[in-house]
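Worksheet: the structure to be examined is printed underneath.
The values are calculated or read from the model by the stated rules, or taken from the named source; none is laboratory data. As the structure is a computational prediction, the values presented were derived from the model and not from experiment. Don't worry about glycine lacking a Cβ; one is built from the backbone with ideal geometry, like all the others, and counts go over all protein chains shown.
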């Protein structure tokens, strides 16, 4: 009889164990409507009876929703059960996909407020990953379609009727570097409260920037980064 013991040892030895990924405490849910909010995902979690979910983070690509969200669990022992409970889940008639994933948090989150500010000054904020790679609890708004050469101070003056936030040493308005040559610009606006962020969106989304001066040349959009 052919012996298979050496082959088994090859897969169960120390080198194989050391290269294994650490147990996951995160689940990625894909296939969500691009308009989905954390509240929608929270209702899904409750409806499906998921356990030990401590945080919900929407996924972004340059502050554009990707149709995915990350669930953070307090225990790795809940991952398998939660994945089973998410089997065949839907939202707005869309079939959802779920999988255990490594910690999706960007490394930049560990640099503190000073490091984040340095990154912003260098145009490193790019809006990728959970919550676009920033923290704000619904206080942040991404505004796009603005004139390409508009400086942050110019936008600050345009938004002077709104309460913005400069807490923790972070600038209230950060211009996002474009991926390619563009005649328009995008800015991250930090508001003082979530209600102020939504008020800003209601006021400016799908309106023309400085219409009295530019006419209908710049149609702007605004969205809260959840």
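Does residue 189 count as under 18 Å from residue 132 (Cβ atoms), surrounded by 15 or more Cβ atoms within 10 Å (Cβ to Cβ) and either in contact with a helix residue (DSSP H, G or I) (Cβ under 9 Å, 6 or more places away or on another chain) or assigned by TED's automatic domain parsing to the domain that holds residue 61 (or both)? Against the criterion (under 18 Å from residue 132 (Cβ atoms), surrounded by 15 or more Cβ atoms within 10 Å (Cβ to Cβ) and either in contact with a helix residue (DSSP H, G or I) (Cβ under 9 Å, 6 or more places away or on another chain) or assigned by TED's automatic domain parsing to the domain that holds residue 61 (or both)), residue 189 qualifies.
For region 74-92, the criterion of being farther than 14 Å from residue 44 by Cα and either touching a strand residue (DSSP E or B) at 6+ places or on another chain (Cβ under 7 Å) or at pLDDT below 90 (or both) is satisfied by at least one residue. Among residues of region 102-116 being modelled with pLDDT of 80 or more and loosely packed, with under 13 Cβ neighbours inside 10 Å, the one that is nearest to the chain's Cα centre (by Cα) is 103. Residue 221 meets the conditions (1) touching a helix residue (DSSP H, G or I) at 6+ places or on another chain (Cβ under 6 Å); (2) assigned to a strand (DSSP E or B); (3) at pLDDT 95 or above in every case but one. The failed one is (1).
Taking the numbered list (1) closer than 24 Å to residue 129 by Cβ; (2) surrounded by fewer than 14 Cβ atoms within 10 Å (Cβ to Cβ); (3) out of contact with any helix residue (DSSP H, G or I) (no Cβ under 9 Å at 6 or more places or on another chain); (4) modelled with pLDDT of 95 or more in turn, residue 40 passes all entries but (2). In the condition set (1) within 14 Å of residue 222 (Cβ to Cβ); (2) at pLDDT below 90; (3) not in a loop (DSSP other than H, G, I, E, B), residue 168 is compliant with all but (1).
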